[in-house]
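Participant: Supplied in structure tokens, the structure appears directly below.
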Amino acid sequence: MFKHAIVRTPGTTLTRGITGHPELGAPDYERALAQHGAYIRALESLAVEVAVLPPLEEYPDSCFVEDTAVLGETWAVITCPGAPSRKGEAEAILPAIREFYPEARIHRITAPGTLEGGDVMRVEDTFYVGRSARTNDEGIRRFQDILKPYGCRVVPVALREVLHLKTGINYLSGRRVLVSGEFTGHPDFAGFERIPVPPQEGYAANCLWVNGSVLVPAGFPQTEGALRALGYPVLPVDTSEYRKIDGGLSCLSLRF
Ligand code: GLY
């Protein structure tokens, strides 16, 4: 169960966020702000206390706080983002993390290691970590070293198509994951019940399980229907402006 979440209000520079999909156009800032507010309210409706950090105009992608840290019950790891324009975001999240964790339990990924939280999917005490354009072997090795004393296991996963691991696979509950594209048949997840999203709804694989309910990006009826059929209460949240810069539901918060 999650008690807390940390989010960061997007700055106006959001419109210049990194994107692999320029054909979708730049985000509309006012609409993005409204969507951010609705996202916070959705988390709050699921009994999550949300800490809202101020915008960081110098970092266009800084509302995607998930990439800057990985948070456990008793420990925190500050990451080292692989995207050059995002490196400083890790230092900027630190004061917020210090509000919840003692200094001795706050660990760091340091260069030449890189790791972004979007590449980390937790299933109980196992952390699947995508080896991506943003997360390298050294970052994964360091993450493994940090988590070992806490009794956690790290499983590296090679990625072929997606930006981050959680772009294409997200843990729901039990042994169940929601998958798209390369993860529908990925051998590393053969032991899971895989719920496939249809190819035209690939973006919706980035759903967010929160305290028994699932936040789903609005506008993906088949994914929504599949989750409802499995018995999950579903909360559609519009993320159209974040999608334009490769962001999704999970990227917008740190949950713990
Ligand atoms: N625009 C989100 C990212 O590239 O990290």
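Where a number appears in this text, it was derived from the coordinates with a stated rule and is not lab data. Treat the numbers as computed from the prediction; the structure is a model and nothing was measured. No Cβ is skipped: glycine too gets one built from the backbone with ideal geometry, and neighbour counts run over all protein chains shown.
Participant: Only one residue in Val7, Val52 is more than 20 Å from His164 (Cβ to Cβ) and touching a helix residue (DSSP H, G or I) at 6+ places or on another chain (Cβ under 7 Å). Which one? Let's see the steps before the verdict.
Facilitator: On the way: Val7 fails: more than 20 Å from His164 (Cβ to Cβ).
None of the other options fit; the residue is Val52.
Participant: Against the conditions (1) within 16 Å of the ligand (Cβ to nearest atom); (2) under 14 Å from the mean Cα position of the chain (by Cα); (3) surrounded by fewer than 22 Cβ atoms within 10 Å (Cβ to Cβ), where does Gly88 fall short? Just the number, please.
Facilitator: (2)
Participant: So is Arg105 more than 12 Å from the ligand (Cβ to nearest atom), within 16 Å of the chain's Cα centre (by Cα) and surrounded by fewer than 16 Cβ atoms within 10 Å (Cβ to Cβ) or not? Break it down into steps so the answer makes sense when it comes.
Facilitator: On the way: more than 12 Å from the ligand (Cβ to nearest atom): yes; within 16 Å of the chain's Cα centre (by Cα): no; surrounded by fewer than 16 Cβ atoms within 10 Å (Cβ to Cβ): yes.
Considered against the rule, which asks whether it is more than 12 Å from the ligand (Cβ to nearest atom), within 16 Å of the chain's Cα centre (by Cα) and surrounded by fewer than 16 Cβ atoms within 10 Å (Cβ to Cβ), Arg105 comes out as no.
Participant: If you don't mind, there's one more thing I want to ask. Show the residue pairs meeting these rules: Cβ distance below 9 Å; 6+ apart or different chains; first residue within the range 58-72 and over 15 Å from Arg122 (Cβ atoms); second residue within 10 Å of the ligand (Cβ to nearest atom) and of a type in the set (Val, Ile, Thr).
Facilitator: Sorted first by the residue in the range 58-72, then by its partner, the pairs are Pro60/Ile18; Pro60/Ile245; Asp61/Ile18; Asp61/Ile245; Phe64/Ile245.
Participant: Could we say that Gly113 is away from the ligand (no atom under 16 Å from the Cβ), more than 20 Å from Phe256 (Cα to Cα) and either under 15 Å from the mean Cα position of the chain (by Cα) or surrounded by 14 or more Cβ atoms within 10 Å (Cβ to Cβ) (or both) here? Quick ask: steps written out before the conclusion?
Facilitator: Values: away from the ligand (no atom under 16 Å from the Cβ): yes; more than 20 Å from Phe256 (Cα to Cα): yes; either under 15 Å from the mean Cα position of the chain (by Cα) or surrounded by 14 or more Cβ atoms within 10 Å (Cβ to Cβ) (or both): yes.
Yes.
Participant: Could I ask something else about it? Just the residues that are in a strand (DSSP E or B) and either buried (at least 23 other Cβ atoms within 10 Å of the Cβ) or among the β-branched types (Val, Ile, Thr) (or both), please, taken from the range 169-214. Give the derivation first.
Facilitator: Of the range 169-214, the ones in a strand (DSSP E or B) are 169-173, 176-179, 193-196, 208-210, 213-214.
Residues satisfying the conditions are Ile169, Asn170, Val177, Leu178, Val179, Ile195, Leu208, Val210, Val214.
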